[in-house]
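Just so you know, all these numbers are worked out from the coordinates, no wet-lab data involved. Model, not experiment: these values are computed from the prediction. All Cβ positions, even for glycine, are placed from backbone atoms using ideal geometry, and neighbour counts span all protein chains on display.
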Amino acid sequence: MITLEEAHKNIKESLVGFPKEVMEAYLAFATKADMESLDKVVTGILQFYLAKAPKTALSDMAGTTRLREDLGMDSLTMMDTVFLVEGLFSIKLEDEELAKLSTLDDLRQLIHSRLPSISKTK
Amino acid sequence: MSQPRVVISGLGFVTSIGNSKSSVRDSLHSLKTGIEPIEFIPGVKLPVSVAGTIKGFDTQSMSWAGWTWPEGYTFARDVLRNMPPHGLYALCATEQMVADSKLSPELLSSDETALFCSSAGSPKLLAHYLHQIVDSKGQRVPPAGVVSTIAGTLNFHLAAHYHIHGAVVGFSSACASTTQALGYGFDEIRLGRHKRVIVVGGEEVGLEATYTFHGMRALSRQSDPIKASRPFDKQRDGFVGTGGSVALVIEERETALKRGAPIYAEIVGWGQAGDGHNPAISDPEGNGLATAMKRALRASQLEANAIEYVNAHATSTPAGDASEAYALKQIFTRAGVTPKISSTKALTGHGLSMSGAMETAFCALALSEGFVPGSAHITELDSVCDGLNIIQKTERFSPRYILKNSSGFGGSNVSLVLRSVVN
């Protein structure tokens, strides 16, 4: 897990210019190590990166929303998101796993599986 | 059938001396310098301490999301994502040019519109990304590390953003690049392949892009911005680096006239030649540049006496300026004529690959508004310039023909001839 100090450093290096909610969720994750904050960071990054950001917040969209077909996510956007998430949470997602991702839930669950000790309570 | 004629029909500026046509014009009139002190490494005193800085932008962050820019531009996030810092300058300059030229999205994406760009890429981002890759032992590879840093980065991003369907080309002949781009763009239109060619040059300013030239002692060690860049002065000691971006559109004349675009000047011919001498040092006698000028004049069906102003390449290096002075003498002094000559790099600093586009755009402004910019900061003219008419003040004067020189590493020399459309 990440320390608060690391979180502040990572925000400065990687999240400058991102929406405030993403930074706040990341700091909350550094304190609570909870799934809710983690998901907020991931969907917040994706929302910020999408060429055509959907009107509804990604966090409010159905978990079955498809990344490519419904959100228009291209392969470079996927890799940018993954690169940032890997850096922020010190995890590594394998290419074979990324190739299988189809929906928002798939992405969230893959990231959860890399952080097994996170708290699932709200 | 007569050959298509080629005009400059749109300009956009993000330069050390101004981020708009009007501010650039004012700086050229009043000889206001864009050079100021800079700390290439914060808190560290280095032998080089000035640069032609870009004002109104903050591109210090390694991430596009952290940048700020002047009011009046709106960019979607996905346009900026993975751009290099100077890509932002290029976008702003191109947006200005598009508005100035009244180019509709349909014209931009027509297959008759080409895009020619040049830049050194982004040494700053490249260094940052390579450190990440090495430090992580190959585990952290930035996804857009290649497209945002290599020399073609401006053409990659601008072509996608403006949906360019004509030719998309990058030029990498160092400081001759964008003058070459204008020349080849002229040929494309003359050959009937395209109706218009957008030419964009852009460069970063900073430690990685600028200070690196100190290795070969090409940069001025003067700390006073006024003394640092003084082309043709006896005491000149190197160039001052600058960046930014300049965008021009050159267009088939009838097409531009028909759609009511502003016509700044006509390009009538160009020429180029190599020095065959040294990777980084100009031929001491300026033979390559002299040949480029001869070819430009011949292609334009002009004699040397037709040229009334020369915008010199002169960067303020001892060797380079002398080489150009000898070349100018071969063409003009030998023909018994004394066109006005100046180097606007005294004000801007040397914009490397974008310098040709920047200075051709200055010439276009000068031709359309009836002035010639002076060569600033000269205290004592170098005797190598004896016989040359180096003007030190901006003059109200309407030249009919202007010659624009550019030279780059590898001995690439390019000359472009512009004609006034006013008289």
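Things to note:
- Within-11-Å neighbourhood charge of B:Ile35 [Cβ basis; K, R +1; D, E -1]: +2
- When the alpha carbon gyration tensor of the stretch B:349-423 is reduced to an equivalent ellipsoid, the three semi-axes, largest first, read 21, 19, 12 Å.
- Chain B, relative contact order in percent, only Cα pairs under 8 angstrom and at least six apart counted: 23 percent
- Summing +1 for each Lys or Arg and -1 for each Asp or Glu among the other residues whose beta-carbon sits under 10 angstrom from that of B:Ser119 gives -2.
- Working note: Cα gyration tensor of the stretch B:144-278, eigenvalues times five, square-rooted, sorted largest first, giving semi-axes of 32, 20, 15 Å.
- Sorting the segments B:202-210, B:267-275 by their mean number of nearby beta carbons within 10 angstrom, highest to lowest, gives B:202-210, B:267-275.
- Think of each Lys and Arg Cβ as +1 and each Asp and Glu Cβ as -1; about the Cα centre, that makes the dipole of the protein assembly as shown roughly 980 debye.
- Coordinate range along principal axes, alpha carbons of the stretch A:4-119, Å, largest first: 38, 28, 23
- Scalar couplings 3J(HN,Hα) for the stretch B:148-158, obtained by applying the Karplus form with A = 6.51, B = -1.76, C = 1.60 to θ = phi - 60°, are 8, 10, 7, 4, x, 4, 5, 5, 4, 6, 5 Hz; x denotes Gly and Pro.
- Equivalent ellipsoid dimensions for the protein assembly as shown as semi-axes, Å, which come from the Cα gyration tensor, largest first: 48, 26, 18
- Dipole magnitude of chain B, debye to nearest 20 (Cβ charges: Lys/Arg +1, Asp/Glu -1, about Cα centre): 300 debye
- Charge dipole (debye, nearest 20) of the stretch B:278-334; +1 at Cβ of Lys and Arg, -1 at Cβ of Asp and Glu: 200 debye
- Modelled this way, with points 7 Å down the Cα-to-C-beta line, the labels at B:Gln3 and B:Arg298 are 1.3 nm from one another.
- Whether chain B is rounded, prolate or oblate, judged on the alpha carbon gyration tensor where a/c under 1.5 counts as rounded: oblate
- The share of alpha-carbon pairs in the stretch B:113-159 lying farther apart than 16 Å comes to 43%.
- Helix-only CD estimate at 222 nm, as mean residue ellipticity for the protein assembly as shown, using -39500 (n - 2.57) per DSSP H run (n ≥ 4): -10500 deg cm²/dmol
- Report note on the peptides A:105-115, B:306-316, A:86-96: ranked by the mean count of other C-beta atoms within 10 Å, highest first, their order is B:306-316, A:105-115, A:86-96.
- Net charge contributed by nearby residues that have their C-beta within less than 13 Å of A:Gly63 (K/R +1, D/E -1): -3
- Charge dipole (the protein assembly as shown, unit charges on Cβ, about Cα centre) - positive-most of B:Tyr326, B:His163, B:Ser136: B:Tyr326
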